[in-house]
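Only one structure is covered here, and it is reproduced in the block below.
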Amino acid sequence: MIDLLKNLIEDYLNSLPEPEEMDKIEKVSALRHNIGNITEIELDEHLIKFIYEKDDVTAVLRNLLFIQKIMYAEKKGIHFDLEAEQKRFLSDFVELADIKKQKETDRIKKYKNPYSKILTKIDNEELITEIDLITKILSDKDVPYETRNEIIMSLLKYNDKNKETPKIEIKKEVKLSEEELSQLLSKYSYDINQIKENNIKVILNEGNYDNIKQTLEKLRSCSFNFVREQSDLFTIILVYSNADVLTNIEKIAMEEGFPIRLLETLKNVFVPKRTSRVISTDYKKLIVASGYENFLEIVDILKRKKVDVKEALKNAQTLFRMSPTRIKDNIKAFELYGLRKKDDIGLSTHSWMTAPDLMGVCDKFIELGMYEYIERYHSKLTLSPDNLCFYRIYYCQTNHIPYYHHTENSSFLRKDVYGVGSDFINIHNLKEAKNVCKTFDISKRPYIDSILTESKNNTLSEIVFQNKVLAQLEKYKKNNYVYDFDGRLISRLKVLRLAETILKNGINIDQDILLYIMTYDSIITEEEINKIRQIIDTFNYGKELK
């Protein structure tokens with residue numbers, strides 16, 4: 001396994017760009033000073049792949065070679081003007097090259113020497129303590145979970161062999177025989193025959209005698225009676241949990257008034273973080289990610305937001321399978337968009353905390369004139385921003401078709417519009433939706449897109465409120481959430497959020513960028529885009545407005 005680790009590191013080092021590759025990309029990056037010098041750049045498929053990574057390399061190369069020919073003709077005195085789209089394409093090419101140059105430069109600085117050092121240590125049979133770096137490369141190389149653990153265990157043995165104490169916490173191993181396990185279980189009124197045969201192997205191979213004994217002692221509490229009925233959960237708790245974890249969970253359950261049984265489908269809640277465990281390949285393992293620390297953080301978040309933890313466990317268990325970071329980000333976004341917990345709606349609406357892109361969905365509803373709808377139906381915030389229901393609503397609005405289902409006290413989306421068991425107006429996928437609704441996508445800006453994708457602002461700072469270009473939009477402000485351009489609604493918060501990201505990356509907002517962020521991910525026609533363009537073309541973008 002140490003040899004496998006060595007091979008993985010060597011492969012990684014070989015994946016770092018060669019000096020000549022960096023020279024090529026440096027030349028492209030330098031084009032910002034004289035775009036005409038593209039005629040001197042050697043364009044090849046490998047260079048394009050290096051810069052664009054996932055895009056259609058053939059199409060990109062074809063466009064660049066065509067532009068190169070036009071500019072070569074210019075140098076020979078034959079006058080051709082580049083079209084606006086070609087200029088933008090060339091500009092994006094240079095910007096992407098710049099990003100790639102920086103990314104690869106950082107990667108070389110950060111990892112080349114440290115990984116080379118690890119290889120030297122392996123060759124010299126020295127102590128290897130760079131556990132974090134090794135874990136990173138195993139993850140980056142998508143090494144299977146079992147193999148990762150085997151490598152880590154081999155690393156521990158390697159360090160032990162070299163008579164050094166590794167700086168890694170390991171679980172002290174005290175092996176049990178099946179007879180010892182049976183006797184220990186019997187002492188606490190458990191019958192080994194009620195445990196699945198494979199789970200017995202898990203306990204014997206991965207269990208720690210002292211930990212099992214202390215855990216069984218804790219399981220005597222009547223709060224944990226239900227664990228007896230579930231062989232998998234029982235095994236997970238014996239092997240991966242401990243008495244301290246169980247005691248703390250019991251304390252939380254008593255404080256919040258819920259039976260611990262509500263956690264039985266959330267098995268990883270009982271598993272704290274661990275740095276290593278015993279690995280064997282002669283049985284089917286119970287692989288459970290640690291979730292105890294996340295559970296504690298999520299409970300704390302809910303309590304601070306005055307959400308009933310018991311009700312959340314009953315009605316919104318998905319919350320406890322989420323990253324606490326996502327929940328906190330969604331709470332910030334929820335508050336940014338002026339939404340508030342509605343006491344009369346019910347706890348199930350707290351599913352919005354699990355939303356994959358809460359701000360994107362809010363923007364879609366706002367631009368459809370449905371802000372009041374999401375104020376009432378928070379659960380709809382869990383939709384994906386490209387859900388076809390948004391196109392169905394847009395089509396209904398445009399063609400004056402009712403899209404609400406009315407009851408005595410409320411109005412909610414009709415099932416066929418929402419997409420439940422429907423075959424609505426030939427909208428079965430995104431392509432058909434755009435055709436049916438006659439919507440238009442503004443030309444992509446790869447460099448800008450990469451910035452907007454990497455940064456999702458859920459707060460706003462003075463940088464946007466002091467920007468004089470953005471200030472000119474405010475006369476079209478209908479309320480805190482909407483700009484109204486002669487009936488065409490644009491999410492104000494979307495524009496400000498994206499503008500903040502752009503500004504923080506040192507980019508000034510000109511007509512093109514303003515139009516781009518205003519229509520970003522909007523369901524919009526070309527006619528509506530042109531109407532907005534005509535309005536913002538009248539703005540002042542002078543240098544004094546930066």
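Excluding same-chain pairs closer than 8 in sequence, count the lysine pairs in region 442-519 whose Cα atoms lie under 23 Å apart. Total qualifying Lys-Lys pairs in region 442-519 comes to 15.
Per residue, region 367-426 exposes 52 Å² of solvent-accessible protein surface, assessed with a 1.4 angstrom probe and all protein chains in place.
Could the peptides 186-196, 221-231, 309-319 be put in order, highest first, of the mean number of other beta-carbon atoms found within 10 Å of their residues?
Details: 186-196: 12.9, 221-231: 14.5, 309-319: 18.0.
In descending order of packing, they fall as 309-319, 221-231, 186-196.
According to the square roots a ≥ b ≥ c of the eigenvalues of the Cα gyration tensor, what is the shape class of region 439-546, taking rounded for a/c under 1.5, prolate for a/b larger than b/c otherwise, and oblate for the remainder? Note, shape of region 439-546 comes out rounded.
Sequence-ordered 3J(HN,Hα) estimates for region 430-443 from the Karplus curve with 6.51, -1.76 and 1.60 and θ = phi - 60° stand at 5, 5, 5, 4, 5, 5, 4, 8, 6, 8, 9, 9, 5, 3 Hz, glycine and proline given as x.
Backbone geometry of region 362-376 corresponds, through the Karplus equation with coefficients 6.51, -1.76 and 1.60 at θ = phi - 60°, to 3J(HN,Hα) couplings of 4, 4, 5, 5, 4, 6, 8, x, 10, 4, 4, 5, 6, 5, 8 Hz, x marking Gly and Pro. Once backbone amide H atoms are built at 1.01 Å from N, Gly291 has Val271 as its partners under 5 Å, excluding neighbours fewer than 5 places away on the same chain. The order of Asp416, Asp244 by accessible area, most exposed first and with a 1.4 Å probe, is Asp244, Asp416. Distances between placed amide hydrogens fall under 5 Å for Tyr404 paired with Arg414, all partners being 5 or more residues away or on another chain. Report note on the peptides 491-499, 93-101: ranked by the mean count of other C-beta atoms within 10 Å, highest first, their order is 491-499, 93-101.
The values are calculated or read from the model by the stated rules, or taken from the named source; none is laboratory data. This structure is a prediction, so every number in the text was calculated from the model and none was measured. Positions of Cβ are generated from backbone atoms using ideal geometry, with glycine treated the same way; all protein chains shown enter the neighbour counts. Please note that ligands, DNA and RNA were not included when accessible areas were found on the heavy atoms of the full protein model with its side chains. Shrake-Rupley method; radii C 1.70, N 1.55, O 1.52, S 1.80 Å.
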